[in-house]
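Read the structure below first, then the notes.
Just so you know, all these numbers are worked out from the coordinates, no wet-lab data involved. Note that the structure is a prediction, hence the values are computed from the model and not measured. A quick note on method: Cβ atoms are made from the backbone with ideal geometry, for glycine too, and the neighbour counts reach across all protein chains shown.
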Amino acid sequence: MSKAWSARFENSLNPFIQEFNASIQFDQTLIIEDIDCSIAHARMLGNKDVITKEESKKIIEGLIEIKIDYQKGIFHPAFPSEDIHYAIENQLIHKIGDLGKKLHTGRSRNDQVGTDIRLWLRKKINEIDNLLLSFQKSLLKIAQQNKKVLIPGYTHLQRAQPLSLSHHILAYLEMFQRDRDRLKEVQNRVNISPLGAAALAGTKINIDRYMTAQELGFKNIYMNSVDAVSDRDFAIEFLSSSSLIMTHLSRLSEEIIFWVTEEFAFAELTDSCATGSSLMPQKKNPDVPELIRGKTGRVFGHLQGLLTTVKGLPLAYNKDLQEDKEPIFDAVKTVSDCLKAMTILFDEGLKFNKVNLMQSVENDFSNATDIADYLVNKGVAFREAYQIVGGIVMFCVSKKILFKELPLNEFKRFHKAFDQDIFENILPENVVNSRNSIGGTSFQRVEEELISWDNRLLN
Ligand code: ARG
């Protein structure tokens, strides 16, 4: 039967409630962080003479052994320990005897769990940042190879104006850079130590919070003990940043999914990243981007879930906060896996069909703005030019021809300023290359951006 916590309890816990209450099933993920947190705490207790230096040394040695035992697979924390904190404390007592009972002096599981989760998340944010960087490098490589390849640009998913494929890809580089910048911001608020806040009010034991914070590599400490044990803003901010990463991955996935359709045929999936159908032998399915798009929902759900968990909580710690871990763990795994999969897709899974891309921009009216701009350059007011070109589009559509097939004398019927050079102006390559405003798609601007990104991603 299960043990009761303290002498206050006469009877043991109902077995189902014991399991319901426990978090060891998932918070064992925090084992290394929990041990590191305890080592820092034990060293500080020794330094402050709360326990003797010898006692501190023995506790630390015991904790290091537990870590090694875990890494060797000799020790595995499990139910019926309630959580990782009890599991490690009990294992320490088991290893070094009654001295282990001194470890929990001047702290509570409330500040301990807050410390563990911050240490864990801090490491994972750095790992996600590295995955984002690798992905940006893969995107940059594709952008570097496709500067002069053109792709239709869309608004409302209607052909708008042609773009350099590089320019389109570089838009995603910008988005993922904002994601990295946001994570850096979040990291500033993850990297603050709640340790020493104890249960909620601080402690009368002579501790040194700066000492533990420094050993654990925290930038700062929480200045209010109640806030320290109640705050989960950093976790919500992380889930919010993760949701935006997933949003960006999902938008890119959506584009890939239609790029590889027979209708678009802008790209093809290689065998290493495509999947087949169990029934239709001709199928090559984009399961990878579809899964990424699909998994976006669970990360959004985690954000909504944790916001809801926290919103009604009175200060300070409430057991509800135990519910913060699974969403954080799952969001980290989902975002990391999706970034890895998308990187592989760009490294080896996606072949742009350059011939189709070039042909597609030849056969539409996406150079209409350029005809209007041509007239503007000849002194016609833009709004007037816009109306004239609208008329030309209507005429061409009725005749089932493209602008380039309209003879010059027909152009002249719409405005006398048209001359032979109109045909050069509406060539897709010139259309793209003439958009030379800062941030535009001209080859010169794109080249500048490629160089600038090459330098930025090195650092
Ligand atoms: N397992 C708990 C959690 O994850 C640890 C803190 C428990 N504190 C308490 N006073 N019951 O939040």
Per the charge dipole of the chain (beta-carbon charges, Lys/Arg positive, Asp/Glu negative, Cα centre), the residue among 279, 176, 212 reaching farthest to the positive end is 212
Interchain or sequence-distant (5+) residues whose placed amide H lies within less than 5 Å of the amide H of residue 160 are 153, 154, 155
Here, segment 147-262 modelled as identical Cα point scatterers in vacuum has Debye log10 I(q)/I(0) at q = 0.14, 0.15, 0.24 Å⁻¹ of -0.72, -0.77, -1.29
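Considering only Cα-Cα distances, which of the following residue pairs are longer than 26 Å: 72/95; 124/284; 101/219? Each step should come with its number before you reach the end.
Numbers: 72/95 16 Å; 124/284 34 Å; 101/219 30 Å.
Beyond 26 Å: 124/284; 101/219.
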Rg from C-alpha atoms of segment 286-436, normalised by the globular rule of thumb 2.2 N^0.38 Å, equals 1.83
Sequence order, segment 380-394: Karplus ³J(HN,Hα) from phi using 6.51 cos²θ - 1.76 cosθ + 1.60, θ = phi - 60°, Hz rounded, Gly and Pro as x, gives 7, 5, 4, 4, 6, 4, 4, 5, 4, 5, x, x, 5, 4, 4
Of the candidates 245, 426, 376, the farthest towards the positive dipole end of the chain (Lys/Arg Cβ +1, Asp/Glu Cβ -1, centred on the Cα centre) is 376
Here P(r) for the chain, Cα-Cα distances in 10 Å bins, as whole percents, is 4, 16, 21, 18, 14, 11, 8, 5, 3, 1, 0
To the nearest 10 degrees, the tilt of helix 287-311 (Cα long axis) against the first principal axis of the alpha carbons of the chain is 50
Rounded to the nearest 10 degrees, the helix 368-377 long axis (Cα) sits at an angle to the longest Cα principal axis of the chain of 70
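By how many nm would the segment from residue 156 to residue 456 lengthen if fully extended, with 0.36 nm per residue of separation less the alpha-carbon distance?
On the way: separation 300, 0.36 × 300 = 108.00 nm, distance 3.22 nm.
Full-extension gain reported as 104.8 nm.
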Taking a straight Cα-to-Cα line shorter than 22 Å from residue 400, and setting aside same-chain lysines fewer than 8 residues away, one finds 412
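Compute the FRET efficiency between residue 134 and residue 424 as 1/(1 + (r/R0)^6), taking r as their Cβ-Cβ distance and R0 = 45 Å, and round to the nearest 0.05. Don't skip to the end; give the middle numbers.
On the way: r = 42 Å, r/R0 = 0.93.
According to the calculation, E is roughly 0.60.
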With label points set 7 Å from each Cα along the Cα-to-Cβ direction at residue 394 and residue 270, the distance between them in nm comes to 5.1
Expressed in nanometres to one decimal, the distance between label points 7 Å along Cα→Cβ at residue 251 and residue 263 is 2.1
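Take the residue pairs 137/283; 147/354; 184/311 and return only those whose Cα atoms are more than 19 Å apart.
137/283; 184/311
Counting helices only, and only those DSSP H runs with n ≥ 4, report the 222 nm mean residue ellipticity of the chain as the sum of -39,500 (n - 2.57) divided by its residues, in deg cm²/dmol to the nearest 500.
Using -39500 (n - 2.57) per qualifying helix, the result is -20000 deg cm²/dmol.
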Compactness check, segment 168-220: C-alpha Rg relative to the 2.2 N^0.38 Å globular estimate gives 1.80
